[in-house]
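Asker: Following this message is one structure expressed as structure tokens.
Throughout, read-outs are computed from the coordinates displayed, never taken from laboratory work. No experiment lies behind these values; they were computed from the predicted model shown. Virtual Cβ from ideal backbone geometry, glycine too; neighbours counted across all protein chains shown.
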């Protein structure tokens with residue numbers, strides 16, 4: 001029996017509610033395919049910070065390094081400023097394990113209400129590749145005259161040719177693999193940000209020359225946001241910086257029906273370090289404790305994890321179960337107009353996986 005060691009960080013808020021559903025779906029699919037998952041849970045997050053002064057231990061990366069993959073819930077809590085929670089936990093993991101390619105797919109499933117008029121199931125089918133380790137989220141900057149009327153804050157975005165080239169090349173390879181529209185769209189704001197993003201644009205054009213079979217286009221981020229709403233069916237693979245990829249994928253989730261359906265994968269494509277899989281939705285403190293969070297984003301993130309680990313058949317089984325549940329429109333959480341609990345949706349996925357022949 002093949003065994004995978006999975007480091008699990010439920011984190012904050014509804015992360016603690018959806019991660020158990022992802023784990024039990026993995027266990028169910030493991031029984032079908034002779035796979036064993038050894039989960040090790042880590043209590044890192046806001047509560048850990050309030051008791052220790054750290055979001056995770058100083059040796060946290062060394063602890064996680066030996067795992068085959070990481071399943072992450074969410075980070076963020078009203079008790080602690082967001083920049084502390086984000087920079088104390090998830091961003092150090094992404095950078096420390098060089099998870100430079102963040103895959104965030106947006107797909108309109110059958111049975112899911114779309115806020116855009118006239119969009120049919122499958123018509124929205126795009127994936128954003130977000131540069132995940134540098135750009136606007138680089139922790140470079142500082143304050144002068146802190147707390148005075150003369151205070152100055154400097155925040156520096158970092159763009160390197162290596163960082164741009166490798167994530168752009170990843171996007172082109174993915175467009176070939178998807179074999180759909182074979183279109184890669186680059187998103188920047190290089191008309192206003194004339195250094196780092198001009199480097200991005202130039203690198204995009206250079207990489208594109210190696211992929212004559214792939215169509216290309218470059219959009220400014222404001223135009224891209226507009227087109228995500230106006231004509232999302234146009235897009236195939238979109239590649240963007242850390243900040244712009246983050247913004248675009250929230251739009252992609254909402255036009256596909258719900259943040260509760262948006263999975264993601266933080267990948268180290270060379271597999272020198274473990275990759276991390278997480279729902280896009282965040283900790284949602286407003287609904288935490290009510291048991292109504294949609295677990296499907298976490299379950300679909302687990303599907304992405306299996307696919308990356310080479311368990312494609314098991315990944316397809318999870319995808320098929322999610323599609324069936326959504327298409328039947330019977331068991332769904334309130335974000336999709338239903339009354340089911342988090343646990344009931346997870347149980348329904350497990351039942352389908354167990355019954356499928």
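Asker: Testing the spin-label approximation: label points 7 Å from Cα along Cα→Cβ at residue 120 and residue 226. State their distance in nm.
Answerer: 2.8 nm
Asker: Moving on. Okay, helix-only estimate at 222 nm for the chain: each DSSP H run of n ≥ 4 adds -39500 (n - 2.57), divide by all residues, round to 500 deg cm²/dmol; what do you get?
Answerer: The helix-only estimate for the chain comes to -12000 deg cm²/dmol at 222 nm.
Asker: Counting alpha carbon pairs within less than 8 Å and at least 6 residues apart, what relative contact order, in whole percent, applies to the chain?
Answerer: Reported relative contact order: 23 percent.
Asker: Given a cut-off of under 8 Å on Cα pairs at least six residues apart, what relative contact order in percent is computed for the stretch 114-245?
Answerer: Reported relative contact order: 38 percent.
Asker: How would 200, 44 line up from fewest to most surrounding beta-carbon atoms within 10 angstrom?
Answerer: Sorted ascending by nearby Cβ count, the order is 44, 200.
Asker: Determine, for 190, 264, the number of other Cβ atoms within 10 Å of each Cβ, and report the residues in order from fewest to most.
Answerer: Placing the least packed residue first, the sequence is 190, 264.
Asker: On full extension of the chain, what length is gained from residue 176 through residue 146, given 0.36 nm per residue of separation minus the C-alpha to C-alpha distance?
Answerer: Once the chain is fully extended between residue 176 and residue 146, it gains 5.8 nm.
Asker: Let me ask something else. Please work out the C-alpha center-to-center distance from the stretch 1-62 to the stretch 177-242 and express it in whole Å.
Answerer: 34 Å
Asker: Just want the ordering: 277, 235, 195, from fewest to most Cβ atoms lying within 10 Å of their own Cβ.
Answerer: Arranged by neighbour count, lowest to highest, 277, 235, 195 become 195, 235, 277.
Asker: If you take every DSSP beta bridge whose two residues both sit in the chain, what share of them, in percent to the nearest 5, is antiparallel?
Answerer: Numbers: 21 of 50 bridges.
Roughly 40 percent of the beta bridges in the chain run antiparallel, per DSSP.
Asker: How many percent of DSSP beta bridges within the stretch 125-255 run antiparallel, rounded to 5?
Answerer: Values: 6 of 20 bridges.
The answer is about 30 percent antiparallel.
Asker: Another question, then. 7 Å from Cα along Cα→Cβ at both residue 198 and residue 233: what's the point-to-point distance in nm?
Answerer: Rounded to a tenth, the inter-label distance reads 3.9 nm.
Asker: Now for a separate question. Stretched out fully, how many nm does the piece from residue 59 to residue 160 gain, at 0.36 nm a residue minus the Cα gap? Working shown, then result.
Answerer: Values: separation 101, 0.36 × 101 = 36.36 nm, distance 2.78 nm.
Difference between extended and current length: 33.6 nm.
Asker: Give the relative contact order (percent, whole number) for the stretch 10-98; include only Cα pairs under 8 Å separated by 6+ residues.
Answerer: That works out to 39 percent.
Asker: Could I ask something else about it? Bin width 5 Å, alpha-carbon pairs only: give the P(r) of the stretch 125-255 as whole percents, running from 0 to the bin holding the largest distance.
Answerer: 2, 10, 20, 21, 18, 12, 6, 4, 3, 2, 1, 0
Asker: At q = 0.07, 0.09, 0.12 Å⁻¹, what log₁₀ I(q)/I(0) does the chain have when each alpha carbon counts as one equal point scatterer in the Debye sum?
Answerer: One equal scatterer on each Cα of the chain leads to -0.29, -0.49, -0.90.
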